[in-house]
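One structure is given below, encoded as structure tokens.
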Amino acid sequence: MVVHQFTGDEKWLRAPYLPSRGKGLGDHDSGGLPKHVRREIRTAAYEAIARLRDGIEPAIPTPTPEQAVRMLSVCMGEPIDPAYGPMLADELARRMRPARPGAEGTPVEVPDGFRVLVIGAGVAGIAAAHHLESMGVDYTIVDKQPEAGGNWLQNTYPGAGVDTPSHLYSFSFARNDWERHFELRDQLQDYFHRVLDGIGALPRTRFGVEVLSARYDEDIRRWKVSARNKDGSEEILVADVVISAVGVLNQKRMPDVADMDTFEGAQSHSSEWPAGLSLAGKRIALVGTGASAMQIGPAIASQVDRLTIFQRTPQWIAPFPKFMQAIPDELRMLVDTCPLYHAWYWVRLFWQFGDKVIDALRIDPKWKHQERSVNARNDGHRKFFTRYLVEQLAGRPDLVEKSLPSYPPFGKRILLDNGWYDMLRRPNVELVTEHVTRVTSSGVVDAAGQEHEADVIVWATGFQAARFVSSMEVRGIGGHTLREVWNDDDPKAYLGVSVPGFPNFFMLGGPHSFPGSGSFMHFMELQMRYLRELIGTFVERGVRALDATEKATDTYNDLVDATHANTVWSHPGLQTYYRNSAGRVVFVMPFTNLQYWDMTREVDLADYNDR
């Protein structure tokens with residue numbers, strides 16, 4: 001694609017240069033092409049990239065929507081819907097000529113004294129800072145933690161890392177020279193700190209400040225935010241706009257287990273890993289088999305005396321050939337020094353890990369095997385994952401029986417095999433399929449009444465994912481709280497960003513903001529681009545405050561629910577943290593990346609109340 005875009009020569013989009021369709025989640029480096037064709041492409045690429053680095057512009061400066069679709073179709077070896085053209089062209093252009101951190105778009109004229117308060121300095125807070133800085137708006141970021149990074153600062157457990165490709169888990173305005181295809185926690189944390197600093201937002205960020213509550217003052221049409229400083233003192237912060245970037249996977253969920261306080265050893269939730277905890281030669285009870293447990297288990301199994309894992313529901317696990325793999329120096333050089341190559345590498349990952357898989361998540365009402373899958377393609381994934389499981393656990397029919405899910409693939413978050421199956425085969429590892437019901441002074445008791453002795457208990461039991469914005473009390477018009485309006489765990493918001501009755505209170509990472517397939521970073525950027533336009537538009541028109549109308553919010557959420565009803569996440573044969581206590585899917589977004597990109601492209605003030 002780089003050679004074609006630089007030269008404009010159509011031959012590179014025709015045989016014999018057409019790559020085959022890749023399988024799995026790898027980069028498909030050979031493209032399925034014979035060696036002599038690959039050699040010809042590399043020779044042409046060398047010249048093109050060298051000339052690009054000399055400052056020579058490509059023959060196609062920016063692909064049109066039609067060109068972008070055709071090129072990506074060739075690149076992926078499969079047809080791409082023409083409807084994706086505008087989004088693909090926009091994202092290619094954005095990454096070919098990325099904005100500098102804190103320098104995107106034009107400044108906005110705001111009234112004297114206009115202030116924005118951002119709560120949280122994780123992924124969403126950094127996206128907010130990037131745009132607010134370039135808007136020229138007076139803003140402050142507060143975060144209860146001592147540094148930027150959000151979940152990546154909080155979660156220090158062994159093996160913590162990202163399960164989205166590193167280059168996809170990056171801001172469009174802050175490329176990074178990643179060392180691994182799937183980076184680990186420390187490198188991610190360092191990246192977020194550097195990006196916040198590069199934006200110029202560190203002087204505007206107050207760490208060690210915990211927000212307790214936010215109340216909308218209807219008389220002055222501003223927010224009064226109660227915060228507690230690290231020295232214990234409290235203060236009131238006043239702002240015209242509050243942007244909640246607090247995330248949702250930060251309020252731990254502990255199971256209803258009796259006598260937890262009687263345990264005499266060490267115990268902690270996975271998100272509160274004790275500094276300096278030694279596991280060498282100890283007996284570990286690992287409760288849970290979700291994403292955190294799947295990283296913790298393989299990371300500690302070789303150093304402990306015994307590891308007992310308690311599983312309520314088995315997980316579908318995909319092969320992970322790039323686990324802990326370093327990115328080759330040649331690829332790092334290309335991504336770092338050739339923006340055109342970086343743009344195409346990112347777009348390829350964006351499609352491969354995004355809307356390419358969305359068809360496998362849709363329920364086909366004519367499919368005859370709804371008990372095990374939701375459509376023919378989903379069933380193909382089931383067969384593939386099952387074969388992989390059986391191969392990895394060959395000779396251990398007991399583990400195969402315990403580990404094979406009965407619900408459709410993607411019904412729960414697909415996990416990547418970072419050595420999980422190899423770990424299960426170790427002689428010092430036991431997989432228990434009974435849940436824990438009680439804790440004793442020396443271990444845990446499962447539902448079958450068997451006691452398992454342990455020196456350390458790790459509660460890898462997840463988070464209160466349905467209780468959005470639960471770390472603080474938020475009161476809007478009439479003194480109503482978000483918890484009341486949302487009936488605690490049934491959150492609804494327009495586009496995931498605005499709630500009726502809460503003027504100028506906006507969310508990044510609100511309900512239905514997490515992609516079912518794709519990049520969370522990309523979605524946070526989409527939401528903040530939308531909020532940037534929304535804030536700029538209402539300020540320009542002299543509006544003091546606004547919130548989404550009931551009509552717009554209801555219409556949007558009716559569409560959310562109707563779309564979710566046709567997705568695998570609504571399948572009756574499973575339980576998932578995507579759902580609330582009533583069974584409504586509230587965490588994950590049912591739309592494609594394209595659909596949400598289109599929904600947030602333009603602001604329509606008719607969808608908002610002028611307060």
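General observations
- Coupling constants for segment 132-137 follow from the phi torsions by the Karplus curve (6.51 cos²θ - 1.76 cosθ + 1.60, θ = phi - 60°), and in residue order they are 4, 4, 6, 6, x, 8 Hz; glycine and proline get x.
- Descending Cα extents along the principal axes, segment 302-424, whole Å: 50, 50, 22
- Only alpha carbons enter this Debye calculation for segment 406-561, each as an equal point scatterer, and the log10 of I(q)/I(0) it gives at q = 0.17 Å⁻¹ is -1.08.
- All-pairs Cα distance distribution in segment 89-217, expressed in whole percent, bin size 5 Å: 2, 10, 19, 20, 19, 15, 9, 4, 2, 0
- Cross-linked pairs 412/492; 383/412; 23/322: Cα-Cα separations exceed 19 Å for 412/492.
- Considering segment 2-97, its Cα convex hull presents a mean projected area of 6.3 nm².
- Under 20 Å of direct C-alpha separation, and excluding same-chain neighbours fewer than eight residues apart, residue 368 reaches these aspartates and glutamates: 359, 379.
- Residues whose amide H falls under 5 Å from that of residue 608, counting only those 5 or more places apart or on a different chain, are 549, with hydrogens built in the peptide plane.
- Amide hydrogen proximity for residue 206: with H placed 1.01 Å from N in the peptide plane, the residues at 5 or more positions away or on another chain lying under 5 Å are 141, 142, 143.
- As a rough guide to protection, the peptides 18-24, 332-338 ranked by mean Cβ packing within 10 Å, highest first, stand as 332-338, 18-24.
- Three-way shape label, segment 297-374, alpha-carbon gyration tensor, a/c 1.5: oblate
- Cross-link partners of residue 144 among lysines, defined as those whose alpha carbon lies under 19 angstrom from its own and excluding same-chain residues fewer than eight positions apart: 224, 230, 252.
- Across segment 85-98, rounded Karplus estimates of 3J(HN,Hα) from the backbone phi angles (6.51 cos²θ - 1.76 cosθ + 1.60, θ = phi - 60°) give x, x, 5, 5, 5, 5, 5, 4, 4, 4, 8, 6, 10, x Hz, Gly and Pro being marked x.
- Here 273, 420 are placed in order of increasing Cβ neighbour count within 10 Å, fewest first, which gives 273, 420.
- From phi via Karplus (6.51, -1.76, 1.60), per-residue ³J(HN,Hα) for segment 204-209 in Hz, x at Gly/Pro: 9, 9, 10, 8, x, 10
- Note on the chain: Cα-Cα pairs beyond 36 Å make up 40% of the total pair count.
- Extent of segment 526-567 along its three principal axes (Cα atoms, max minus min coordinate, largest first): 41, 22, 9 Å.
- Amide H contacts under 5 Å for residue 157: 273, restricted to partners 5 or more places along the chain or on a different chain, H placed in the peptide plane at 1.01 Å from N.
Any read-out appearing in this document is the output of simple, stated calculations on the displayed coordinates, not a laboratory observation. Worth saying up front: this structure is predicted, and the values here are computed from it rather than measured. Glycine gets a Cβ as well: all are built from the backbone with ideal geometry, and neighbour counts include every protein chain shown.
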